[in-house]
1. For a quick check of your reading of the filter: which GluC sites (Glu not before Pro) in region 64-169 sit in a DSSP loop and have no more than 14 other Cβ atoms within 10 Å?
2. Can you tell me what the convex hull of the Cα atoms of region 147-241 projects to on average, as an area in nm²?
3. Mind checking region 1-64 for GluC sites (Glu not before Pro) that DSSP puts in a loop (not H, G, I, E or B) and that have at most 11 other Cβ atoms within 10 Å?
4. At 222 nm, what helix-only mean residue ellipticity would the chain give, in deg cm²/dmol to the nearest 500, using -39500 (n - 2.57) for each DSSP H run of four or more?
5. Across the chain, how many lysine pairs separated by 8 or more positions, or lying on different chains, have Cα atoms within less than 18 Å?
6. What do you get for trypsin sites (Lys or Arg not before Pro) in region 55-142 restricted to DSSP loop and a cutoff of at most 14 other Cβ within 10 Å of the site's Cβ?
7. For the chain, return all DSSP H helices satisfying: extent of Cα atoms along own axis at least 18 Å; mean Kyte-Doolittle hydropathy at least 0.5.
8. Output needed: Cys residues of the chain lacking any neighbouring Cys C-beta below 4.7 Å, sorted by number.
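Just so it is clear, none of the values below were taken in a lab; they were calculated from the coordinates. This structure is a prediction, so every number in the text was calculated from the model and none was measured. Cβ: placed from backbone, ideal geometry, glycine included. Neighbour counts: every protein chain shown.
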Amino acid sequence: MSNQQEVEVSYDVGNEFFRLWLDEKMNYTCGNWDGVDTLEAAQVAKLEWHARAANVGPGKRLLDIGCGWGANLEYQTRVKGCTDAVGITLSRSQCEEVNRRNLPGVAAKVCDYRDFRPDFKFDSVISICMMEHIATPEEVREGKHIGLYRDFFRRIHGWTNPGASFGLQTILRNRVPRIKEDLEDIGFVTYKIFPGGLSLRLEDIIKAVNPYWEITEVYTRREDYEKTCAEWLARLRKHEGTIRAQWGDVVFDDYDRYLRTCVRGFHMHYQSLAQYVLRRID
Ligand SMILES: C[S@@+](CC[C@H](N)C(=O)[O-])C[C@H]1O[C@@H](n2cnc3c(N)ncnc32)[C@H](O)[C@@H]1O
């Protein structure tokens, strides 16, 4: 499990840094590119996908686990009319940004999901690319990951009402690279950019949801994530001068290498992305 210090390595480089190269609402995950051609529209389409998956709507209470900078919380309350939306993140900078936006119906806090004790039960849950932080590479090697993922699903079951819906999104690790440089680059991203975490395998989710959640739909979006990362990389490079001046050469060079690695990783099938519709088993 990534601890708070490790999560802050990944997300607390600076809100203004991420604002330069993410979309305007700062979604830091794959967008849905069907029929759209801008990053902004792809991110909205992704949030709309999760609204349907989690059955969000007026009068519903939503939990967003790993809420990032609050793009999903904002969308589900402002656009979909969700009444109470609670977001948890381990990053203090992200939480500050959500609270700075002062979004009606939204409450965000810095909280590890393992310490979360909700004041009420939820009808809808969304978790977009947070599960990658649950098991460390060492825990995966020791075979402890399925138990950790199952514990995550068990907790969420306990925080929800009967009939609850859950929109889940995870990065997948698929093929193992056979090229030395690609292996080194993936190691760099795993240990330097996202320490303490590891992307999942599709079969991990299939094993771990039982006996708490039924999977009713799964979509993979490998090419969508390649496209999202390519767009992030182009925007990062557009701001190279500013980033080098304000955050230093190491930050620019590391992020350039990380995003290049992701574009290639999705292209080469080393990685993919999955979106799931889950229904609570009552
Ligand atoms: C890749 S970001 C995704 C953010 C957001 N869902 C989005 O789509 O932009 C992963 C998120 O998971 C959060 N996270 C990681 N470990 C966590 C934990 N143990 N408890 C709660 N949140 C956690 C991070 O703080 C971050 O907000």
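1. Filter output for region 64-169: E142.
2. Over all viewing directions, region 147-241 projects a mean Cα-hull area of 8.8 nm².
3. Working: sites: E6, E8, E16, E24, E40, E48; in loops: E24.
Qualifying residues, ordered by number: E24.
4. That calculation yields -13000 deg cm²/dmol at 222 nm.
5. Taking the Cα cut-off of 18 Å, the pair count is 11.
6. In loop regions of region 55-142 (DSSP not H, G, I, E or B), the sparsely surrounded trypsin sites (Lys or Arg not before Pro) are K121.
7. Taking the DSSP H segments of the chain (at least 18 Å long, mean hydropathy at least 0.5), we get none.
8. Cysteines of the chain left without a disulfide-compatible partner: C30, C67, C82, C95, C111, C129.
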